[in-house]
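Step one of this worksheet: look at the structure below.
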Amino acid sequence: MTASPTPRTYRVKSFGCQMNVYDGERMAELLADKGMAPAADGEDADLVVLNTCHIREKAAEKVYSDIGRLKKADGSKPLIAVAGCVAQAEGDEIMARAPAVSMVVGPQAYHRLPELLDKAARGERATDTDMPANAKFDALPQRRRAGPSAFLTVQEGCDKFCTYCVVPYTRGAEISRPYADLLAEAERLVDNGAREITLLGQNVNAWTGETAKGHTLGLDGLIRELAKLPDLHRIRYTTSHPNDVTPGLIAAHGEVDKLMPYLHLPVQSGSDRVLKAMNRSHTADSYLALLDRFRAVRPDIALSGDFIVGFPGETDAEFAETLRLVDAVGYAAAFSFKYSPRPGTPAAEMDGMVPMTVMDERLQRLQAAINRDQLAFNQASIGTTCQVLVERKGKHPGQWLGKSPWLQSVHFIGEAAVGDLVTVELTEAGPNSLSARLLQPALA
Ligand code: 5AD
Ligand code: SF4
């Protein structure tokens, strides 16, 4: 490979989960710190970072086809970096198969992107998929930009080893970022305009930290401390595992006003046989009992979950148990996926692969049930008054888009600005959004 001129503009394309969105933002900050500018819409970028996801489907194939398609208007290739979980899992293969790629950088090593860029400028291709715990957070520049709703990664990795899941291998063992660092980053985000912070972690409720006085805190303690920041109005967290929910976290939902009434708690299946084969270590009943405890302290809490259909060996009767669980919960939102064998995971070796046509049919039925409940949840809020955090302008003149406390997308017309918390009356509901009437402009 020949030496390339130092890139001037960049584009970071993030796929997959919110943690990748967070990582993508941090990589952009790092590149800006190196004197580069984001490429404008429609403009070619000198450097493209593909921040990839490996959780499902043919993730690696998609990366290769993206690499193939990346071209500037003059037909030349931009400098290409592959980051994220595909980089972690298949970095060496990518380097061997895709000569257009100059840099491969794993999710725990992207703070070293500037060094890789320097190497690329000298014509050297380089891979960095080390997994040093927390090193990247110490090496990243301070947060500079924040929209009204910001992500803050507090925990990474997972020790649960669900048998279908690649995360424990690509993101590594559970680590918690130190409490003082999180407080400092949250303060920076709020100073830069964030009014809502979503605490992120693959298993966020396993977060643990220590105060300066040596007190151990769990996620609920962190939430209570962040709630003391005067200009921070909303706190959310995702994703949780049923087995790491503590009584303190449940109590916080009843006591901390700034903690939004929304819980994303994946269940994956309603069948205890399938849950056991998935190594989920909870049952359908223990999951339902847990939700009841949240509802007891916060009756209006919106519930969300993740589901996998067609796990190896899943029978019609077992799938019917999933539908029954959905009926019992009444989700406000939920995500459902067809099982996808992940190389190196135990489930990929299991017998009883469910035919694709059966998976398709199950997914359709499950999504119909979820959509039905989502619409019912939205319709039940018609006529009520709530606060909306304004996130951006809508397509129509004078229209604004934002989120209700229950994470519903709400649009309204009136006087407002990005970052405002306005009071609205919800007037109409669809499955994915609600219309509202502005009652009171910004409080803050
Ligand atoms: N196949 C299908 N879905 C998966 N998920 C994780 N691994 C797989 C897989 N191999 C889903 C789970 C998880 C969500 C983030 O992705 O539902 O909660
Ligand atoms: Fe994957 Fe979530 Fe299970 Fe961890 S808890 S192994 S991230 S599905």
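Every number here is computed from the coordinates shown, using simple stated rules; none is lab data. Remember, it's a predicted structure, so these values are computed and weren't measured experimentally. Cβ placement follows ideal geometry from the backbone for every residue including glycine, while neighbour counts extend to all protein chains displayed.
Some notes on this structure:
- Relative to the current alpha-carbon distance between residue 286 and residue 173, full extension at 0.36 nm per residue lengthens the span by 38.1 nm.
- Cys residues of the chain counted as unpaired, since no other Cys beta-carbon is under 4.7 Å: 17, 53, 85, 158, 386
- Cα centroids of region 36-89 and region 299-370: 31 Å apart.
- Average silhouette area of region 378-434, convex hull of alpha-carbon atoms, in square nanometres: 3.5
- Working note: Karplus 6.51/-1.76/1.60 with θ = phi - 60° gives region 418-434 the couplings 4, x, 6, 10, 10, 9, 10, 10, 6, 10, 9, 10, x, x, 10, 7, 10 Hz, where Gly and Pro are set to x.
- In plain terms, the residue of 329, 86, 309 with the fewest other Cβ atoms within 10 Å comes first and the most crowded comes last, giving 329, 309, 86.
- Amide N of region 386-401 lying under 18 Å from the label point, which is placed 7 angstrom from the Cα of residue 440 along Cα→Cβ: 386-390
- Potential lengthening between residue 353 and residue 324 on full extension [0.36 nm per residue; Cα-Cα distance subtracted]: 8.2 nm
- In a reduced charge model with +1 at each Lys and Arg Cβ and -1 at each Asp and Glu Cβ, region 170-209 shows a dipole moment near 120 debye about its Cα centre.
- Modelled spin labels at residue 360 and residue 92, positioned 7 Å past Cα toward Cβ, are 3.8 nm from each other.
- Here's the picture: a label point sits 7 Å out from the Cα of residue 8 along the beta-carbon direction, and within region 63-105 the residues with their amide nitrogen under 16 Å of it are 72-74, 78-79.
- Taking the DSSP beta bridges with both ends in the chain, the antiparallel portion is around 35 percent.
- Cα centroid separation, region 211-252 to region 118-161 (Å): 23
- Neighbour counts of C-beta atoms inside 10 Å place 311, 137 in the sequence 137, 311, starting with the fewest.
- Note on residue 58 and residue 255: the extension gain reaches 66.6 nm, defined as 0.36 nm multiplied by sequence separation minus the Cα-Cα distance.
- Inter-probe distance in nm under a simple model that places probes 7 Å from Cα toward Cβ, at residue 215 and residue 372: 4.8
- Label-to-label distance, nm, for residues given as residue 122 and residue 138 (7 Å Cα→Cβ offset): 2.5
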